[in-house]
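S.K.: This is the structure I have questions about; it appears just below.
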Amino acid sequence: MTSHESSWWRTAVIYQIYPRSFADASGDGVGDLRGITSRLDSLAALGIDAIWLSPFYVSPQKDAGYDVADFTDVDPLFGTLDDFDAMVARAHELGLRVIVDIVPNHSSDQHAWFQSALASPPGSVERARYIFRDGLGPDGSQPPNNWESVFGGPAWTRVTEPDGTPGQWFLHLFDSSQPDFDWSHPEVLEEFDRVLRFWLDRGADGFRVDVAHGLVKADGLPDFSYSDDAHSMGGVEGPSSPYWAQDGVHDIWRRWRSVVNEYADRILAAEAWVVPLSRMAKWVRPDEMHQAFNFAYLETPWEAAALKQVIDESLAEFSAVGAPSTWVLSNHDVVRHSSRLALTIDNPQGHGIGPSTTPLPDTAVGLQRGRAATALMLALPGSAYIYQGEELGLPEAIEIPDEARQDPTFARTAGERYGRDGCRVPLPWNADAPAYGFSPTGDSWLPQPEQWATLARDQQIDDPTSTLSMYRLALALRRENDLATGTMQWIEDVPDGVVAFRIGDVSVYSAVDPGASLALPDGEVLLSSMPITDTIPPDTTVWLRS
Ligand code: NOJ
């Protein structure tokens, strides 16, 4: 640790803002930075420590902004750099840190570098910043290898050369509008040092690093045998994957850590879909990133034994490298946990759910489990992530018409996978306002479900039994009782299917498995995810002081 470094991030609760869907000040139906600034008070009142914003950079929005055309400017859709500065100033005034997204694996095909690569011949310096290769077969009409895009279809697209002839192919692990950079090229390294310093100089408190397991590809780009369980964000293919979790990525993170260390108290958080946790922990060794999203926890089913195991494993593996564990249940890439935890069918990450999913999750069961799962998560030591809208108990939006769906996954799989639109629908703030207060005009880039009126923030704010009130209480108690720095111990003497632990002088009981319940133990009830009597019923978490 350098002398000017503090450890705020070890215990922080970080709230993810998805800018398109948080609050729209301009009225065009897409959220923006001024909208965010206008609503920051409500986040401070919720009791979080930091916000993380998904991308708001210049982008043609083919992958909702994860296709960046200019890494150091704001897209007019979201506002201006001045709007960014004003948002950071207001957040800091309210005591909230601001983490921004950085997307180093790829750019948009509209990025100036890619446009000049297209205009330049094979073998040129311009093409060397990306991964261009000749195709296979006598006429080069076959892709250079068998890699698949995580959004479905091939990971290669053929270009037309400036003279009009069919030409080379370029690699895109995601959409064809997202060409991968070649990270062995020194200019790519230097450019991203500049991008980091640009946002750090403007007051960003850190970065959430997109696809932090994907930047380096195996020499020779060998073919790969896909397993059936390969899922969208990768990682599960294991150590033999030629493009996930290559050792070379760690040199990049060491370099980035030294850039970030030039500033006080700034952090790097890895989005690295890598299993098992012992492998993911490499991303948070002392000279690499500060945090990594705990996707193993997010993907754990609502089962007592599995939860206990992943919690033990997380604490052991992250602390073995001196990092805090993080906890997360929802984000903009997965089915919201208030629906996911009631799904009875397999639903790989990124596939999403929609009208033809059978059976659909039961809404009441989902909400009850979602609340219980959150109450369990927020008592755990370390840092936690909350995704916008989960504090309202929002379920996944199911009834989005096909023509309104925007995730490239839907089109690239010809509708076979619904994709991620269902967790990205704009937030309901006021039940009676147009677009539930999301935008002044009533416009909304994805349709909001009718049932969301009752979930709007203004309907929940003064109701002590609401999901919003439960989140606020959990966050206040977490802080007052220093749970994030506590040491937890399992309470063993509980019925099967119950997860129970002590942390400081708080005891937490979660009745998880089907039918599991327990008599309410002695002590002052601090929090209960659902109303209780003298029994803690199934799918319920209770915090007690005892
Ligand atoms: C991970 C992001 O979270 C996801 O939304 C995006 O589509 C991919 N990376 C590609 O950037």
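The values are calculated or read from the model by the stated rules, or taken from the named source; none is laboratory data. Remember, it's a predicted structure, so these values are computed and weren't measured experimentally. Cβ placement follows ideal geometry from the backbone for every residue including glycine, while neighbour counts extend to all protein chains displayed. Ligands, DNA and RNA are stripped out before the accessible areas are found, and what is left, the full protein with its side chains, is counted by its heavy atoms. Shrake-Rupley method; radii C 1.70, N 1.55, O 1.52, S 1.80 Å.
S.K.: Which lysines have a Cα lying under 21 Å from the Cα of residue 282, excluding residues fewer than 8 positions away in the same chain?
M.R.: Counting by Cα, and skipping residues close in sequence, residue 282 has these lysines nearby: 217.
S.K.: By how many nm would the segment from residue 309 to residue 187 grow when fully extended, if each residue of separation counts as 0.36 nm and the alpha-carbon distance is taken off?
M.R.: On the way: separation 122, 0.36 × 122 = 43.92 nm, distance 4.36 nm.
Fully extending the segment from residue 309 to residue 187 adds 39.6 nm.
S.K.: Turning to a different aspect of this structure: Please determine, in degrees from 0 to 90 and to the nearest 10, the orientation of helix 467-480 with respect to the longest principal axis defined by the Cα atoms of the chain, where the helix direction is its Cα long axis.
M.R.: 80 degrees
S.K.: For residue 50, enumerate residues with amide H under 5 Å from its amide H, sequence gap 5+ or separate chain, H modeled in the peptide plane.
M.R.: 13, 15, 97
S.K.: In the stretch 187-225, which residues have a backbone nitrogen under 16 Å from the label point lying 7 Å from residue 124's Cα in the Cα-to-Cβ direction?
M.R.: Within reach of a label on residue 124: no residues.
S.K.: Got the relative contact order for the stretch 110-225 handy, in percent, Cα pairs under 8 Å and 6 or more residues apart?
M.R.: Working: 152 pairs, mean separation 25.1, N = 116.
Computed over the stretch 110-225, the figure is 22 percent.
S.K.: Could you tell me the distance between the Cα centroids of the stretch 346-377 and the stretch 391-443, to the nearest Å?
M.R.: Cα centroid of the stretch 346-377 versus Cα centroid of the stretch 391-443: 16 Å apart.
S.K.: Here's something else I'd like to know. Can you work out the Karplus-derived ³J(HN,Hα) for every residue in the stretch 192-206? Use 6.51 cos²θ - 1.76 cosθ + 1.60 with θ = phi - 60°, whole Hz, and x for glycine or proline.
M.R.: Working through the residues one at a time gives 6, 4, 5, 4, 4, 5, 4, 6, 5, 4, 7, x, 5, 8, x Hz.
S.K.: Counting only the backbone N, which residues of the stretch 127-147 are under 13 Å from the spot 7 Å out from the Cα of residue 223 toward its beta-carbon?
M.R.: The answer is 136-137, 143-147.
S.K.: Given bins 10 angstrom wide, list per bin the percent of all Cα-Cα distances in the stretch 373-413, short to long.
M.R.: Reading upward from the zero bin: 20, 35, 25, 19, 1.
S.K.: Residue by residue through the stretch 520-535, what is 3J(HN,Hα) from phi via Karplus (6.51 cos²θ - 1.76 cosθ + 1.60, θ = phi - 60°)? Round to whole Hz and write x for glycine and proline.
M.R.: 4, x, 5, x, 7, 6, 8, 7, 9, 6, 8, x, 10, 10, 9, 10
S.K.: Tell me which residues come under 5 Å, amide H to amide H, from residue 536 once H is placed; ignore anything under 5 positions away on its chain.
M.R.: Distant-sequence amide H within range of residue 536: 518, 519, 520.
S.K.: What's the center-to-center distance, using Cα atoms, between the stretch 1-58 and the stretch 111-150 in Å?
M.R.: Value for the Cα centre distance between the two parts: 37 Å.
S.K.: With r as the distance between the Cβ atoms of residue 413 and residue 28 and R0 = 25 Å, compute the FRET efficiency 1/(1 + (r/R0)^6) and round to 0.05. Can you show the working numbers first?
M.R.: Working: r = 29 Å, r/R0 = 1.16.
The pair residue 28/residue 413 has a calculated efficiency of 0.30.
S.K.: Okay, moving on. At 0.36 nm per residue, minus the direct Cα-Cα distance, what do residue 278 and residue 8 gain on full extension? Give it in nm, one decimal, please.
M.R.: Numbers: separation 270, 0.36 × 270 = 97.20 nm, distance 2.39 nm.
Computed gain between residue 278 and residue 8 is 94.8 nm.
S.K.: For the stretch 343-360, just list the computed ³J(HN,Hα) in residue order, Karplus coefficients 6.51, -1.76 and 1.60, θ = phi - 60°, integers in Hz, with x standing in for Gly and Pro.
M.R.: Computed from phi, the couplings for the stretch 343-360 are 6, 10, 10, 5, 8, x, 3, x, 6, x, 10, x, x, 8, 5, 10, x, 6 Hz.
S.K.: Test of understanding: what is the full-extension gain from residue 451 to residue 201, defined as 0.36 nm times their sequence separation minus their Cα-Cα distance?
M.R.: Numbers: separation 250, 0.36 × 250 = 90.00 nm, distance 4.32 nm.
Length gained between residue 451 and residue 201: 85.7 nm.
S.K.: Could you tell me which of rounded, prolate or oblate describes the chain, using a ≥ b ≥ c as the square roots of the eigenvalues of the alpha-carbon gyration tensor, with rounded for a/c under 1.5 and, failing that, prolate when a/b is larger than b/c and oblate otherwise?
M.R.: Working: a/c = 1.58, a/b = 1.52, b/c = 1.04.
Since a/c reaches 1.5 and a/b is larger than b/c, the shape of the chain is classed as prolate.
S.K.: Let me ask something else. Between residue 461 and residue 110, what is the spin-label point distance in nm, taking each point 7 Å from the Cα along the Cα→C-beta axis?
M.R.: For residue 461 paired with residue 110, the spin-label model returns 3.6 nm.
S.K.: A follow-up question, please. Let's test the formula: R0 of 35 Å, r as the Cβ-Cβ distance of residue 480 and residue 519. What FRET efficiency results, to the nearest 0.05? Walk me through the numbers on the way to the answer.
M.R.: Working: r = 27 Å, r/R0 = 0.77.
After rounding, the FRET efficiency stands at 0.85.
S.K.: While we're looking at this one, here's another question. Taking the solvent-accessible surface of protein heavy atoms with a 1.4 Å probe, what is the per residue accessible area of the chain in Å²?
M.R.: On the way: 19560 Å² over 546 residues.
Per-residue value: 36 Å².
S.K.: Tilt of helix 81-93 relative to the longest C-alpha principal axis of the chain, in degrees (0 to 90, nearest 10)?
M.R.: 30 degrees
S.K.: Return the whole-Å distance between the Cα centroid of the stretch 171-185 and the Cα centroid of the stretch 511-538.
M.R.: So the separation of the two Cα centres works out to 50 Å.
S.K.: Still on this model: Once both axes come from the Cα atoms, what is the angle between helix 249-260 and the longest principal axis of the chain, in degrees from 0 to 90, rounded to 10?
M.R.: That helix lies at roughly 70 degrees to the long axis.
S.K.: Answer rounded, prolate or oblate for the stretch 487-545, using the Cα gyration tensor with square roots of eigenvalues a ≥ b ≥ c: rounded when a/c is under 1.5, else prolate when a/b is larger than b/c, else oblate. Working shown, then result.
M.R.: Details: a/c = 1.84, a/b = 1.20, b/c = 1.54.
It is oblate, given that a/c is not under 1.5 and a/b is not larger than b/c.
S.K.: Another question, if that's okay. Go ahead and estimate [θ] at 222 nm for the chain from helices alone: -39,500 (n - 2.57) per DSSP H run with n ≥ 4, summed, over the residue count, rounded to 500. Please report the intermediate quantities before stating the final value.
M.R.: Values: 14 runs with 134 residues, N = 546.
Mean residue ellipticity, 222 nm, calculated: -7000 deg cm²/dmol.
S.K.: Continuing with this model, one more query. Using modelled amide H (1.01 Å from N, peptide plane; none on Pro or chain starts), what sits under 5 Å from the amide H of residue 181, excluding residues fewer than 5 places away?
M.R.: Sorted by chain and number, the residues that satisfy this are 106, 107.
S.K.: Rounded to a whole number, what % of the accessible area of the chain do carbon and sulfur atoms account for, probe 1.4 Å? Before the final figure, lay out each step's value.
M.R.: On the way: 9900 of 19560 Å².
C and S atoms contribute 51 percent here.
S.K.: For a label point 7 Å from the Cα of residue 358 along Cα→C-beta, name the residues of the stretch 385-413 whose backbone N is under 18 Å from it.
M.R.: It comes to 399, nothing else.
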